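The values are calculated or read from the model by the stated rules, or taken from the named source; none is laboratory data. Just so you know, these numbers come straight off a predicted model, no measurement behind them. Here the Cβ is made from the backbone with ideal geometry for all residues, glycine too, and neighbour counts use every protein chain on show. Each accessible area value is taken on the protein alone, full model and side chains, heavy atoms only, with ligands, DNA and RNA left out. Shrake-Rupley method; radii C 1.70, N 1.55, O 1.52, S 1.80 Å.
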Amino acid sequence: MPKPHGNKLINRYITKESTEFEEMPTYEINTNLAEDVMNIASGVFSPLTGFLNYNDLDSVVHHKRLSNDTPWTIPILFDLSKKDDVKEGDTIMLTNEETDLKALLDVKEIYKYDKKTIAEEIYTTTDPAHPGVKMLFDMKDQFVGGNIILINKGKRKFDDYNLTPRETRILFNEKGWKEIVAFQTRNPPHLGHEYVQKTALTFVDGIFINPIIGKKKPGDFKDEVILKSYETLMEKYYLKKRSVMSILRTSMKYAGPREAIHHAIMRKNFGCTHFIVGRDHAGVGNYYGPYDAHDIFKEFPDLGITPVFFRSFSRCMKCGSVVNDKICPHDQKYHVNFSGKKIRALLKEGEVPSEDMMRKEVAETILTFDHPFVE
Amino acid sequence: MAEENETKKYTTISIPTPLANKIKKRIEGTGFNSLSSYVTYVLREVISNVEEDEHEEAFSKDDEEKVKERLRALGYLD
């Protein structure tokens, strides 16, 4: 089993029943922040024990590493307004109505950092049309550095699909897997995804399919559609002893190459040894080159998880199979690309896409939903 | 916030000149733009391997049993 990032799997849950928190002033946070708190507490963000302080943020922004030299590419920030009645040295009770979260934040440091600099370094753009930049610019003007402890997290939809890194590590161990490849997704599977997953799985012991669940934009597939379609695919076409799916609740930042490293770190914490990185991983629009998210891995000899790079793939009518540009000699005119847009358009009309694109059973599962798309 | 927090600093390390010259030759055209960036890269790789050997999983037997129970209940384990 690979070591957790930074050598320690963080576990920051309150261990004793206590009433001493009941009188504490509460501070309502949004669901994205609540998910960050849960990811810190459960070890998904190991070795973070809280939100970044100034030194760590500065180091992440300029060096892609925490101040102790551990690779870390995406700032995990807690924002605060000047008007908020919070000062350094306070311990505040964080709450979130939607998730029923309760956690303590030890306010060690309140600081400011130029958001434009963060945007330039993390996203390589200050364009507010970039969704990650917009999220950053919408944050309040001050940040808090400090450790958290989770007191309570309420029951949520899809909890039965939600495993912590401690749980996946024990699960992989029980299955006897030594080498595990992780696949991240935000869509139901088409044949191209299956090709990538099974190609990678051929060389390791097991595959960990890890869809990101959470805030979506109109037109995206609903979370339950993604999960059910994967269940169908795995039931019909995967070996149970070689495949596992659980969800990851975190927001996409669309930071392209930097986010690819972040995604790999989270999967390392789940116990994976390999991570699949596709074309334009975590990209949006034309902000990043198609293979920038591959190149960045060269900067991290100490990442502790091996990237598995895939270039674009398509179905070749001559080969009669899914191919990539390394293995197929035939002209582009024989290639049919796996167009998510095209598949979505067909499903929107209630039509089953061709079996060259998507498994019939997967398409039929999607079509059992009256409204498979976010409106 | 990372558990161990150190302020980012650079320091100077002495290595034998012939070795430095060999490295300079070796990194020509490789994308490493300096002797320092190459040495940093190699040391990070070496140190991370040593740290890997030092890591120990810290699950108590009780914890592990509880987790396995949940995994069985959810159908992840038979």
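Remarks
- Cross-link pairs exceeding 24 Å in C-alpha to C-alpha distance, out of A:Lys153/A:Lys216; A:Lys64/A:Lys253; A:Lys298/A:Lys333, comprise A:Lys298/A:Lys333.
- Per-residue shielding of A:159-167, expressed as the average number of other chain Cβ atoms within 10 Å of the residue Cβ, stands at 3.
- Rounded Å value of the spacing that divides the Cα centres of segment A:119-133 and segment A:192-237: 28
- Positive dipole terminus of chain A, leading residue within A:Ala129, A:Leu163, A:Ala182 (C-beta point charges): A:Ala182
- In order along segment A:76-84, phi translates into HN-Hα couplings of 9, 10, 10, 9, 8, 8, 4, 6, 5 Hz, rounded to whole numbers, per the Karplus curve 6.51 cos²θ - 1.76 cosθ + 1.60 with θ = phi - 60° and x for Gly and Pro.
- ³J(HN,Hα), Karplus 6.51/-1.76/1.60, whole Hz, each residue of segment A:188-204, x for Gly, Pro: x, x, 9, 5, x, 4, 4, 4, 5, 4, 6, 4, 5, 4, 3, 9, 10
- Here's the picture: charge each Lys and Arg Cβ at +1 and each Asp and Glu Cβ at -1 in segment A:73-136, and of A:Phe78, A:Tyr111, A:Thr91 the one pushed furthest to the positive end of that dipole is A:Tyr111.
- Residues with amide H under 5 Å from that of A:Ala182, placed H, sequence gap 5 or more: A:Phe208, A:His274, A:Phe275, A:Ile276
- Per residue, the protein assembly as shown exposes 50 Å² of accessible surface when a 1.4 Å probe is rolled over the protein heavy atoms with every protein chain present.
- Charge dipole (chain A, unit charges on Cβ, about Cα centre) - positive-most of A:Gly320, A:Gly350, A:Pro2: A:Gly320
- Relative to the longest principal axis of the Cα atoms of chain A, the long axis of helix A:31-42 makes an angle of roughly 90 degrees.
- Annotation: the antiparallel percentage among DSSP beta bridges lying fully within segment A:173-326 is about 20.
- The amide H of A:Trp72, built 1.01 Å from its N in the peptide plane, has A:Arg65, A:Leu66 as neighbours under 5 Å, considering only residues 5 or more places off or on other chains.
- Under the Karplus curve 6.51 cos²θ - 1.76 cosθ + 1.60, θ = phi - 60°, whole-Hz ³J(HN,Hα) for segment B:42-51, x wherever Gly or Pro sits: 5, 5, 4, 5, 5, 5, 5, 5, 5, 4
- Relative to one another, the C-alpha centroids of segment A:318-375 and segment B:11-54 are positioned 47 Å apart.
- Close amide H pairs (under 5 Å, H built 1.01 Å from N) link A:Lys140 with A:Leu80, residues at least 5 positions away or on another chain.
- Length gained on full extension, A:Glu179 to A:Ser312: 45.4 nm, using 0.36 nm per residue less the C-alpha separation.
- With q set to 0.19, 0.24, 0.27, 0.30 Å⁻¹, the log10 of I(q)/I(0) for segment A:260-313, from the Debye formula over equal scatterers at the Cα positions, is -0.61, -0.92, -1.10, -1.25.
- Think of each Lys and Arg Cβ as +1 and each Asp and Glu Cβ as -1; about the Cα centre, that makes the dipole of chain A roughly 1320 debye.
- Every Cα-Cα pair of the protein assembly as shown was included, and the share exceeding 44 Å stands at 14 percent.
- Under the convention that each Lys and Arg Cβ holds +1 and each Asp and Glu Cβ holds -1, the size of the dipole of segment A:234-375 around its Cα centre is about 360 debye.
- Links that overshoot a 29 Å alpha carbon limit, given the list A:Lys157/A:Lys360; A:Lys222/A:Lys342; A:Lys102/A:Lys241; A:Lys155/A:Lys348: A:Lys102/A:Lys241; A:Lys155/A:Lys348
- Ranked order, A:Asp106, A:Asp114 - accessible area, probe 1.4 Å, largest first: A:Asp114, A:Asp106
- q = 0.11 Å⁻¹: log10 I(q)/I(0) that the Debye formula gives for segment A:257-375, counting C-alpha atoms only: -0.53
- Taking the Cα centre of segment A:98-180 as origin and assigning +1 to Lys and Arg Cβ atoms and -1 to Asp and Glu Cβ atoms, the resulting dipole is close to 260 debye.
- Percent carbon-and-sulfur accessible area, the protein assembly as shown, ignoring ligands, DNA and RNA, probe 1.4 Å: 47
- Take each residue in B:64-75, count the other chain C-beta atoms within 10 Å of its C-beta, and the mean is 4.
- Within segment A:119-260, percent of DSSP bridges classed antiparallel, to nearest 5: 0
- Summed buried accessible area for B+A [probe radius 1.4 Å, Å², rounded to 100]: 3300
- Note on A:47-60: average number of Cβ atoms from other chains within 10 Å of each residue's Cβ is 3.
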